[in-house]
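Chemist: This is the structure I have questions about; it appears just below.
Just so you know, all these numbers are worked out from the coordinates, no wet-lab data involved. Predicted, not measured: the structure shown is a model, and the values here were computed from it. Cβ placement follows ideal geometry from the backbone for every residue including glycine, while neighbour counts extend to all protein chains displayed.
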Amino acid sequence: MKTTTLIVLTITLFSSCRNKTELGKQIETTESVKIKQGVKLYVLDGGSILANKLEIFSQDTTYTGQTKQMADAYYVIAHPKGNLIWDAGLPENLVGQQPYTDPSGAFTVSRKDSLKNQLASIGFKISDFKYIALSHLHFDHVGHANNFKNATWLVQENEYNFIANDSIKVKNEDIYNSIKELTNIKKLNGDFDVFGDGTVIIKTMPGHTIGHQVLYVEAGFDNPILLTGDLYHFEENRKNKGVPSFNHNVEQTLKSMTSFEAFAKEKNAEVIIQHSQKDFNRLQNLLKK
Ligand SMILES: [Zn+2]
């Protein structure tokens, strides 16, 4: 996405978010897991993406001529030791505007509501967050990140260095500008247990970008939740281990897919593909139970 998107005026109105939900009511019985009662997960709508050229999500011609409507979710994880926001949706200046198509024609994007309204709809304020973590630094995951300048940004060191590199910074100006106000930075080199109790773990899964990561959350539900970031974009990608043409490293992506699946199996986790509209709806339903 280029600067044209960012020229669109910011309008923060519209109704409160419909896509809110929470998880975490199950009663745990043993002392060691009691804290999990207090962990809650919410899913919010960071916008919608129409992939006009689905073939870019493959190394070959598998999807030539196809299009796909994708979700762009972000998540709130409330923990007794603080709150974490995972990913940051599309730019807020899309709110109230007509859908925007990027100059290459690959994507048409839109966003219905602002961060502030969406957080208010689940009883949160921007200042309530101790941590922000982004699965990776692409335009559809960094949209409202700058709002969290008082939070600590949990980022893989190589991902940070990549975007902060002077030449890259210029090349990817929009993305750099979306995160430049995050100055409380904790650079990670691998997995990170955010609250030290095993309930919320950032897992390093490089390949889509150099420091791409996914999130494991135990929110007192039957199965833990595993949020994919952009390791997969839709169901077929997961089934066929399809690697998009724009990934940083194909081999690394495939390796991450293998360790992701092994981890998901080990934990008996519910895998949620963040861009899947189906999974967005499925998670909402799951969290309502
Ligand atoms: Zn994405």
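Chemist: Based on alpha-carbon atoms only, what is the radius of gyration of the chain relative to the globular estimate 2.2 N^0.38 Å?
Modeler: On the way: Rg = 17.9 Å, N = 289, 2.2 N^0.38 = 18.9 Å.
Normalised by 2.2 N^0.38 Å, the Cα Rg of the chain equals 0.94.
Chemist: Quick one: which of 187-198, 132-143, 218-229 comes out on top by average Cβ neighbours within 10 Å, and what's the full order, highest first?
Modeler: Highest-to-lowest ranking by the protection proxy: 132-143, 218-229, 187-198.
Chemist: Taking θ as phi - 60°, what are the ³J(HN,Hα) couplings along the stretch 137-148 by the Karplus curve (6.51, -1.76, 1.60), each to the nearest whole Hz, with x for Gly and Pro?
Modeler: 9, 10, 4, 8, 10, 10, x, 10, 4, 4, 4, 9
Chemist: List, in order, the whole-Hz ³J(HN,Hα) value for each residue of the stretch 59-70 obtained from phi through the Karplus relation with A = 6.51, B = -1.76, C = 1.60 and θ = phi - 60°; use x for Gly and Pro.
Modeler: With the stated coefficients, the stretch 59-70 comes to 7, 10, 9, 3, 10, 4, x, 9, 10, 8, 8, 10 Hz.
Chemist: Report the residue, chosen from Pro244, Pro99, Pro206, that carries the largest GNM mean-square fluctuation when the chain is represented by alpha-carbon nodes joined by springs under 10 Å.
Modeler: In the Gaussian network model the winner is Pro99.
Chemist: Applying the Karplus parametrisation 6.51 cos²θ - 1.76 cosθ + 1.60 with θ = phi - 60° to the phi angles of the stretch 212-226, what ³J(HN,Hα) value in whole Hz is obtained for each residue in order, glycine and proline being reported as x?
Modeler: Coupling constants for the stretch 212-226: 5, 9, 10, 10, 9, 9, 9, 10, x, 10, 3, 10, x, 9, 10 Hz.
Chemist: Can I ask one more? If you place +1 on the Cβ of every Lys and Arg and -1 on the Cβ of every Asp and Glu, how big does the dipole about the Cα centre of the chain come out, in debye to the nearest 20?
Modeler: My answer is approximately 560 debye.
Chemist: While we're looking at this one, here's another question. Taking amide hydrogens as modeled 1.01 Å from N in the peptide plane, which residues meet the under 5 Å criterion relative to Val200, leaving out close sequence neighbours?
Modeler: Val194, Phe195, Glu218
Chemist: How would you classify the stretch 182-289 from its alpha-carbon gyration tensor, with a ≥ b ≥ c the square roots of the eigenvalues: rounded for a/c under 1.5, else prolate if a/b is greater than b/c, otherwise oblate? Intermediate results must be reported in sequence, preceding the final value.
Modeler: Working: a/c = 1.64, a/b = 1.09, b/c = 1.51.
Because a/c hits 1.5 or more and a/b fails to exceed b/c, the stretch 182-289 counts as oblate.
Chemist: Using the structure shown, list the pairs from Lys187/Lys267; Lys112/Lys289; Lys40/Lys68; Lys239/Lys278; Lys40/Lys125; Lys53/Lys241 with a Cα-Cα distance above 21 Å, or answer none.
Modeler: Too far apart for the 21 Å limit: Lys187/Lys267; Lys112/Lys289; Lys40/Lys68.
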